[in-house]
Amino acid sequence: MLKAEYQQRGPVPQDVISAVPLQLPALGATQARVKVLASPINPSDVLTLTGQYGMLPPLPAIGGNEGVGEVIELGSEVTHLKVGQTVLLPVGSGTWVSQLQAEAKQLIPLPAGDAKQLAMMTINPPTALLMLNEFVDLQPGDWVIQNAANSAVGGYLIQLAKIKGLKTVNVVRRDSAVAAVEAQGADVVLVDGPDLPKRVAQATGKAAIKLGIDAVGGAATDHLAASLTQGGVLVNYGMMSGEPCQVSPASFVFRDVTLKGFWLAQWFQKASQAEQMQVFGELTGLIASGKLVSRIHACYPLEQIKDAVAAAAAGEREGKILVTPH
């Protein structure tokens, strides 16, 4: 058995993490032992390795914050789970491992479905869903604009918007990303640039766009802000450009555009158990039924964790990188 462990952080994420032997303690009466089936590498995982994320675990640490597994052993007091059952792993539990142990009450049973798709359920899909739901009262037929549309969150947002009857303008940073975004059901796909607001107006028939979603920062934020209607809301959840958000005073002063931030970890801290279950209940059904999917670029065994992290940190991927220990 192996675990992907790091004892320090540094600017090159794959240099600080290694696959090392894993030994688990005796199973507790209220615990379950789980064989990890799949766990994604998210941008937040890469930033955690470089020390740039907003929440950093104490060192040494095991990588991975979400995934799914198969129950292989149960403690003597566990009655609500069965051996062989597929379960959602606890958020932040160090999921880049061959096996893990957790309190059984923390494991959420999942319906039958594609384990690789279900493994990506905890972070990206709720981020997309909550940004669509929490900031603007959108109605069927309304438009939403987002950048980083070829990202995992971007892909989920396109699909969720379509399910809700919304239309999407999807902005990418390179021509080679256009076709894949169109294939996910995007209504409009445009390459970013200073004249983006003009091209958005042309493509949408000058539709009033109330909500913008920004994961890039820098000048790209301003391009989205200038594409919004009077009183529009722009939500930032990332800084892929490495630059702070830039917005012209004209958007704030003359059109009353609002810039807000979203961080899923903060939502988890504030949301009630019922609110969390409602979100995950909706997403579980959509993913298990195949109505909500994410592109997968490649899968790596734990032995190749350095290569996996390097691939996740690289640009111009067409989908998610997964760790598949078995």
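The values are calculated or read from the model by the stated rules, or taken from the named source; none is laboratory data. This structure is a prediction, so every number in the text was calculated from the model and none was measured. Counting neighbours? That spans all protein chains shown, and the Cβs are built from the backbone with ideal geometry, glycine included. What goes into the accessible areas is simple: the full protein's heavy atoms, side chains included, and nothing from ligands, DNA or RNA. Shrake-Rupley method; radii C 1.70, N 1.55, O 1.52, S 1.80 Å.
With the simple spin-label model, which puts each label point 7 Å out from Cα in the Cβ direction, the TRP267 to ALA183 separation comes to 2.7 nm.
Per the 1.4 Å probe, what fraction of the accessible area of the chain, in percent, lies on carbon and sulfur atoms?
About 52 percent, which is the carbon plus sulfur part of the accessible surface.
With a threshold of 20 Å on the Cα-Cα distance, the over-threshold entries among LYS116/LYS162; LYS3/LYS82; LYS162/LYS210; LYS210/LYS270; LYS167/LYS198; LYS116/LYS291 are LYS116/LYS162; LYS3/LYS82; LYS210/LYS270. Take the chain with all the other protein chains still there, run a 1.4 Å probe, and you get 44 Å² of accessible area per residue.
Any chance you could give the angle, 0 to 90 degrees and rounded to 10, that helix 152-163 forms with the longest Cα principal axis of the chain? Around 70 degrees separate the two axes.
Bridging of LYS35 to aspartates and glutamates at a Cα separation below 14 Å is possible for GLU66, GLU70, GLU73, once same-chain residues fewer than 8 apart are set aside.
How many angstrom separate the Cα center of the range 78-133 from the Cα center of the range 162-219? Going from one Cα centre to the other spans 31 Å.
Tell me the Kirkwood hydrodynamic radius of the chain in angstroms, computed as one over the mean inverse distance between distinct C-alpha pairs.
One over the average 1/r among Cα pairs gives 20.6 Å for the chain.
Phi angles across the range 270-281 convert, under the Karplus curve 6.51 cos²θ - 1.76 cosθ + 1.60 with θ = phi - 60°, into 3J(HN,Hα) values of 9, 6, 6, 4, 5, 5, 5, 5, 5, 5, 6, x Hz, Gly and Pro given as x.
Nearest 500 deg cm²/dmol is fine: what mean residue ellipticity at 222 nm does the chain get from its DSSP H runs of n ≥ 4 alone, each adding -39,500 (n - 2.57), divided by its residue count?
-8000 deg cm²/dmol
A Stokes-Einstein calculation at 37 °C with viscosity 0.692 mPa s, built on the Kirkwood radius of the range 252-304 over Cα pairs, returns a diffusion coefficient of 217 µm²/s.
For the chain, what's the relative contact order in percent, using C-alpha pairs closer than 8 Å and at least 6 residues apart?
19
Counting charges near VAL78 (Lys, Arg +1; Asp, Glu -1) among other residues having Cβ under 10 Å from its Cβ returns a value of -1. For the chain, the share of DSSP beta bridges that are antiparallel, to the nearest 5, is 50%. Helix 124-134 against the longest principal axis of the chain: what's the angle in degrees, Cα atoms only, rounded to the nearest 10? Between the helix axis and the principal axis of the chain, the angle is about 40 degrees.
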